[in-house]
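Read-outs throughout are calculated quantities, based only on the coordinates presented, and are distinct from any laboratory measurement. Being a predicted model, the structure only gives us computed values, none of them experimental. Please note: Cβ atoms are built from the backbone with ideal geometry, for glycine as well, and neighbour counts cover all protein chains shown.
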Amino acid sequence: MILREEDLVRWGTVIGRAVEPPVFIALEGELGAGKSVLARAIARGAGVEGALPSPTFNLVFRYPVRGRVEVVHMDLYRLRDPEELWELGWEDLGGKSEIILVEWPERAGGHLPEDRWSIRLSPPEPGSELRVVEVARVGNPPHLPGFPVTVESSG
Ligand SMILES: Nc1ncnc2c1ncn2[C@@H]1O[C@H](COP(=O)(O)OP(=O)(O)OP(=O)(O)O)[C@@H](O)[C@H]1O
Ligand SMILES: [Mg+2]
């Protein structure tokens, strides 16, 4: 499917609101593809309030949410070696209430969980305001709410 930013954000909000944790979502795509846009929308949908800083320099942000879920947003772009994952608390991820969002998951080498969603974003052409969104199920992750996204045709 191909989505405008507002549709991607709307879908992310639905995911955050309704997905049953624990869930691991790998966000793939080049620099500026929209991985953080989608991650923030999911966090908002899950009830995260306030600023949503980019994890690019910290690699991991944990957003406690009152209630049902906890959002963990990671950006592994600066990971030099998959072994550095252990310093980030990687082996403790997957707690009952966690929604785990990981940008640049390929940096984790073979250490991704068996059950996950993989969402790849890419512009159909350079500079486009649209994104081709490819969703792949790996193993047996929980239902991904709102997928496939239905976009009302407008203008
Ligand atoms: N359809 C779209 N979906 C998502 N983002 C879009 C879309 N069209 C344009 N954009 C713009 O593309 C940019 C995406 O930036 P974002 O930080 O989410 O990228 P990223 O994939 O996280 O990059 P990085 O690898 O640097 O972390 C934003 O400026 C956003 O406004
Ligand atoms: Mg990003």
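A few notes on this one:
- If both residues of a DSSP beta bridge must be in the chain, then about 50% of such bridges are antiparallel.
- Total charge dipole magnitude, the chain, about the Cα centre, Cβ charges on Lys, Arg, Asp, Glu only, Debye to nearest 20: 460
- Computed on the Cα trace of the chain, the radius of gyration divided by the Kirkwood hydrodynamic radius gives Rg/Rh = 0.94.
- Only helices enter this figure: runs of n ≥ 4 DSSP H residues, each worth -39500 (n - 2.57), summed and divided by the residues of the chain, yield -5500 deg cm²/dmol at 222 nm to the nearest 500.
- Gyration tensor (alpha-carbon) shape descriptor, segment 1-72, a/c threshold 1.5: oblate
- Multiplying the residue separation of ALA136 and VAL65 by 0.36 nm and removing their Cα-Cα distance gives an extension gain of 22.8 nm.
- The convex hull of the Cα atoms of segment 89-155, projected and averaged over all directions, covers 6.7 nm².
- Sorting 20-30, 139-149 by their mean Cβ neighbour count within 10 Å, with the most densely packed peptide first, gives 20-30, 139-149.
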